[in-house]
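Inspection log for the structure reproduced underneath, given as structure tokens.
The values are calculated or read from the model by the stated rules, or taken from the named source; none is laboratory data. Nothing here was measured: the structure is a model prediction, and the numbers come from that model. Every residue, glycine among them, receives a Cβ derived from its backbone with ideal geometry; neighbour counts consider all protein chains shown.
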Amino acid sequence: MFAQFPQFAGRGPHLLTPAVTLGFMVLEYLLARSLRAEARTHNLGESAASFGVAAGQLLVRGLEAGLFALPFAFVYRHRLFNFDPTAPAAIVALFLAVEFAYYWQHRASHRIRWMWATHAVHHSPTRLNLTAAIRLGWTGGLSGNVLFFLPLVWIGFHPVAIVAMFALNLHYQLFIHTELAPHLGPLEWVLNTPRHHSVHHASNPSCLDRNYGGVLIVFDRLFGTFAEAPQDEPLRYGLVGGTPTLNPLRIALGEWLVLVRDVAAARTLRGRLRALFGAPGASAADTRPSPQRPDPRVPAE
């Protein structure tokens, strides 16, 4: 079964065929046009840039999938328990475990600059639509995202089962990257809906670093990171202080370049460590703050 891991992991976040995924994107755009909302929800140049970023990300993922198999296999050999992956209780437990691990991985990606350098790519679109879902960073392996899922392997969940469940989780997330969905009533209390995820992507000060969930919103409610959309202002998207670009290379690597410059400009070891692992945008006496994501307590200009 481990022989299938690199191939399976390299398929990317959405197991839908590219044609089906593209079909949903076209339908969303046509709906936006019919509602005369496309100027607010879509920018075709930005969507094209997202496809360019996605193409590079797929290439990188294919290369690193084999490397991920090694630590997963090692940890699985030292697992604590054996679970029947077809047992209903094990499937439910795995779903909740993957959601829990994703919540903390996602939260860390907003609070640790080394990880934010990868995740900032996903927050760079200035329009929220389905094409934004495929704009993902190329350096997730370098950032250490996989480390958050290794405890699940150690507990006893099979790595292929974890990857499969995570793929389904990301499947769901494709469809919450839209502003055209209706209010879902009581489901809004449990699920991460398009309304909740629009807050997560918004760059309004009250929305920064909120609503980290994948499929569920319950962990945000439990750990104090949930937020509703502000009632007195429209949502704005994109990186606070960042300069929008349509160049896939600049989108994918821009925050890393800023991080390297800040590390080089730091005058002390403490400053360098803070530039690498402190909160994105945190200022220090001996470092230049990142323009990509300032402290959420500081209002955007």
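Identify the residue in region 40-66 that is charged (D, E, K, R) and either over 18 Å from Asn129 (Cβ atoms) or surrounded by fewer than 17 Cβ atoms within 10 Å (Cβ to Cβ) (or both) and, among all such residues, is modelled with the lowest pLDDT. I'd like the intermediate steps shown before the answer.
Here is the first cut: in region 40-66, the residues charged (D, E, K, R) are 40, 46, 61, 64.
Applying the additional criterion that residues be either over 18 Å from Asn129 (Cβ atoms) or surrounded by fewer than 17 Cβ atoms within 10 Å (Cβ to Cβ) (or both) yields 40, 61, 64.
On the way: Arg40: 94, Arg61: 85, Glu64: 80.
Across region 40-66, the extreme among qualifying residues is Glu64.
Out of region 234-274, which residues are over 29 Å from Thr178 (Cα atoms), in contact with a helix residue (DSSP H, G or I) (Cβ under 7 Å, 6 or more places away or on another chain) and assigned to a helix (DSSP H, G or I)?
First pass over region 234-274, keeping only residues over 29 Å from Thr178 (Cα atoms): 257-274.
After this cut, where a residue has to be in contact with a helix residue (DSSP H, G or I) (Cβ under 7 Å, 6 or more places away or on another chain) as well, the list is 259, 262-263, 266, 272.
Within region 234-274, Leu259, Asp262, Val263, Arg272 meet the criteria.
Considering only residues that are touching a strand residue (DSSP E or B) at 6+ places or on another chain (Cβ under 7 Å) and among the small types (Gly, Ala, Ser), look in region 182-223 and name the one that is farthest from Leu170 (Cα to Cα).
Taking the candidates together, the pick is Ser203.
For Ala69, work out the one condition from (1) surrounded by 18 or more Cβ atoms within 10 Å (Cβ to Cβ); (2) of a type in the set (Gly, Ala, Ser); (3) at pLDDT 95 or above it doesn't fulfil.
Here Ala69 meets the rest and fails (3).
Filter region 217-233 for residues that are part of a loop (DSSP other than H, G, I, E, B) and among the aromatic types (Phe, Trp, Tyr) and give the result. Let's see the steps before the verdict.
Step one: list which residues in region 217-233 are part of a loop (DSSP other than H, G, I, E, B), which gives 217, 224-233.
Residue satisfying the conditions is Phe226 alone.
Thr118 - would you say it is hydroxyl-bearing (Ser, Thr, Tyr) and surrounded by 22 or more Cβ atoms within 10 Å (Cβ to Cβ)? Don't jump to the end; show me each part of the working.
On the way: hydroxyl-bearing (Ser, Thr, Tyr): yes; surrounded by 22 or more Cβ atoms within 10 Å (Cβ to Cβ): yes.
Considered against the rule, which asks whether it is hydroxyl-bearing (Ser, Thr, Tyr) and surrounded by 22 or more Cβ atoms within 10 Å (Cβ to Cβ), Thr118 comes out as yes.
Of the residues that make up region 188-201, is at least one of a type in the set (Gly, Ala, Ser) and touching a Lys or Arg at 6+ places or on another chain (Cβ under 6 Å)? I'd like the intermediate steps shown before the answer.
We begin by selecting, within region 188-201, every residue of a type in the set (Gly, Ala, Ser); these are 198.
With the extra rule that they be touching a Lys or Arg at 6+ places or on another chain (Cβ under 6 Å), the set shrinks to none.
No.
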